[in-house]
Amino acid sequence: MEFRLTIGQISQEGAGCNRALASLYSSPHFKIEGSAPASISTLSGDKLFCYGDINGWRDTAQKLHAYPSTLSALQDISGKSRVNSQDHLEGRFLLIWIKSSGEIDIYRDQFGKIDVYLQKADGILVAASDLSLLPDNPARDGYDQSALAHTLTYYGHRPPKKHTIYKSVTRLGVRDTISINRNNFKINNRPFTGQKQFKDFGAQEEEIYANSFLDHLDASSSADGNAVFLSSGWDSTSILAGLVHLHGPQKVRGVIGRMKYSERSGVCNRYEIERAEKFSEHYGVKIDIVDLDHLNNAPETIAASKPIFKKHNFQSITGLNHYLLAQKIKETANGDETNYIGEISDGAHNLGFSQYATIFHPSYDFREYADKMASYLFGPTFIKQINNNAHNQDPIFQLFKARANTSNFDSAEDNPGSQMRQMLTSFFLRNGRMPFWSITNSKLLNASGAENYTQTMEESYFSGIENADPEEIYSWYLELYNSFHWQGSTVLTAHIMSDHFGIKSDMPYWDGQIQSLLKIMPEDYGRGLDFKSTKYLLKSMLNDRIPYPKNLQTGPHSYTYDTDHSFNHNFELLYHSSMRELAVDTLKSKPYEEILDTNTFDLGYASTIVDKYIAGEELNSANLGDLVSLYLLCQTGWYN
């Protein structure tokens, strides 16, 4: 999927563009170039172009009506209003609506799943699907240090939604649309309004959740076949179960990676492979196992995928794995399949705390409850403790702070509005995943850089939180996930790598109705100190609506660290795989110094850990995390 939209007074065909694309529509003030989208012309003279997939229309009763194709979707919605179309359409798409009057509207699905890169040049605005399609070198005006700070200090290794690492390039925000009237254009933002947790949440909402999940799978699935990125956890196996329930095992298959990161650690995800094979046997579906062999093949995989990473500002090991999995699906596809991905479920249901990894313990029941304690610390009950200045006496907060050893924590601000902002800052701008986790724990940043980074991102993304009620906090987290982790290098790469190989991909938990329910789902539905399980709505559905072998969800969760808590994926890769030689060669000249400003970054610290790594010295966990961030940045590279 490639597109370039040129907006403004167009003086010369293709002037200044980095790469030529097929011209699809052209007027004196607007041009569409790229791969062929679905498109229609109406009797009234309107033209509609759509990149991506529109799966269905959700009516006012929240029933999803499936479309046979995106083309049929365009034919149906051409008479509907723009705002309602955006609110009620399900899918992953960018829609260009050219009115017979000459007015043009550009908008996406309600979560902005498709990135739109923006650059102004010579009096025009260009909106493109990736950095390589912009009119000027992205690095024309230098590098955005706050965006780089986020890339290097926050899990996901990518700037937030509206940012790139380049000063001359921004991206459309989640709720942004573009309206055009001749050579005048405006970027519109639909403001977010928080929603309180719904205290009467119950059986009716559980039924709506199950119906929405199954309706989404039915609307997005393919008659040719459906593949699932399988991990053996609750999220992907629920998708597998739902698809088999709807279509039978002949139209469903699983694809899982076999992680080979070092000779000494062997297959480091053998637990999830063993469980995935049991699920495959239970449901009678085929499972393909792909070797994620970074022990031997990391340089080749990186070289093949690097152009994709660079033009999308991605840096991650997970993205390499998504590349190999998508490649396998393409090679073995039975016609026009849909590739399903279980990502974002952890965050949507339990704020990311549902991996049995918060506190390791022989009891998996306790490990699950520890996840719930972690999510409790970001919930409304604990926020009210903060409002009452009682949070430091909270025994769970005390326990988690004690486990953090010598890490630094900030003090709570004096007023409730500022405290709400601090919760978002802790959640989205810090690497510690605890309330009041201090930016001083991020050694790559100096004091002025940390302050500028925090202020820039708070002003860009958290506007309005100071007036929010603690009861609204879950809706804020889920809304902002779209601008942070869910568009990062460990999630969105699954979509982008599927796009690269020409595969339709879908994340069912990114469904509009499911997200709406989870925004108002109360704390006592598995997010707090109640006794409901994590992912309670999902597991309730598996109890009542979809046959599911819960007995298989026992024992070690996925990786070697489930039983050997000293195991570290990054250590195996950076010290004991074929990535080691490449990393040393990449880092030895310290190329990151070309783009990192000393007013923001402590380059002395960066140099120290790089020198130690190159010399073969083993780094502690925090230093290794910083080294990985620097290496991934340099591995992808940047426009000079």
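On the given criteria, is R158 surrounded by fewer than 24 Cβ atoms within 10 Å (Cβ to Cβ) and either at pLDDT below 95 or within 21 Å of the chain's Cα centre (by Cα) (or both)?
The answer is no for R158.
From the list D87, D109, D115, D53, pick out the single residue that is within 30 Å of P160 (Cα to Cα), open to solvent by 60 Å² or more (accessible area, probe 1.4 Å) and in contact with a Lys or Arg (Cβ under 9 Å, 6 or more places away or on another chain).
D87
If H569 satisfies every condition in (1) within 30 Å of R92 (Cβ to Cβ); (2) open to solvent by less than 30 Å² (accessible area, probe 1.4 Å); (3) modelled with pLDDT under 95 but one, which is the exception?
(2)
Here are S589, S577: which of them is open to solvent by less than 20 Å² (accessible area, probe 1.4 Å) and of a type outside the set (A, V, I, L, M)?
S577
So the check is Cβ under 7 Å with 6+ separation or different chains; which pairs have a first residue in region 622-638 that's open to solvent by less than 10 Å² (accessible area, probe 1.4 Å) and a second one that's of a type in the set (F, W, Y) and in a helix (DSSP H, G or I)?
From residues that are open to solvent by less than 10 Å² (accessible area, probe 1.4 Å), the pairs are L624/F571; L627/Y613; L630/Y592; L633/Y592; T636/F309.
Cβ-Cβ under 6 Å, sequence separation 6+ or interchain: first residue in region 370-386 and over 15 Å from N415 (Cα atoms), partner open to solvent by 10 Å² or more (accessible area, probe 1.4 Å) and among the hydrophobic types (A, V, I, L, M, F, W, C). Which pairs?
A370/I359; D371/F353; M373/I396; A374/F353; S375/F353; Y376/L529
How many residues does region 399-413 contain that are outside any loop (DSSP other than H, G, I, E, B) and open to solvent by less than 100 Å² (accessible area, probe 1.4 Å)?
Summing the residues that are outside any loop (DSSP other than H, G, I, E, B) and open to solvent by less than 100 Å² (accessible area, probe 1.4 Å) in region 399-413 gives 5.
Let's see how each residue does on (1) of a type in the set (S, T, Y); (2) assigned to a strand (DSSP E or B); (3) at pLDDT 95 or above; (4) within 26 Å of the chain's Cα centre (by Cα):
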{"residue": "Q9", "(1), (2), (3), (4)": "no, no, no, no"}
{"residue": "E13", "(1), (2), (3), (4)": "no, no, no, no"}
{"residue": "R19", "(1), (2), (3), (4)": "no, no, no, no"}
{"residue": "G45", "(1), (2), (3), (4)": "no, no, no, no"}
{"residue": "F49", "(1), (2), (3), (4)": "no, yes, yes, yes"}
{"residue": "I54", "(1), (2), (3), (4)": "no, yes, yes, yes"}
{"residue": "W57", "(1), (2), (3), (4)": "no, yes, no, yes"}
{"residue": "T60", "(1), (2), (3), (4)": "yes, no, no, no"}
{"residue": "H65", "(1), (2), (3), (4)": "no, yes, no, no"}
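Among the residues of region 94-144, count how many are part of a loop (DSSP other than H, G, I, E, B) and more than 24 Å from the chain's Cα centre (by Cα).
10
Which one of these is among the hydrophobic types (A, V, I, L, M, F, W, C), without any contact (Cβ under 8 Å) to a residue 12 or more places away in the chain and open to solvent by 20 Å² or more (accessible area, probe 1.4 Å): A223, A203?
Being among the hydrophobic types (A, V, I, L, M, F, W, C), without any contact (Cβ under 8 Å) to a residue 12 or more places away in the chain and open to solvent by 20 Å² or more (accessible area, probe 1.4 Å) holds for just one of A223, A203, which is A203.
Only helices (runs of 4 or more DSSP H) wholly contained in region 174-286 count here; list those with 2 or more residues that are modelled with pLDDT under 95 and more than 22 Å from the chain's Cα centre (by Cα).
Once the helices (runs of 4 or more DSSP H) in region 174-286 are filtered for at least 2 residues that are modelled with pLDDT under 95 and more than 22 Å from the chain's Cα centre (by Cα), what remains is 270-283.
The values are calculated or read from the model by the stated rules, or taken from the named source; none is laboratory data. Note that the structure is a prediction, hence the values are computed from the model and not measured. For neighbour counting, all protein chains shown are included, and Cβ atoms are generated from backbone atoms with ideal geometry for every residue, glycine included. The accessibility values were calculated without ligands, DNA or RNA, using every heavy atom of the protein model including side chains. Shrake-Rupley method; radii C 1.70, N 1.55, O 1.52, S 1.80 Å.
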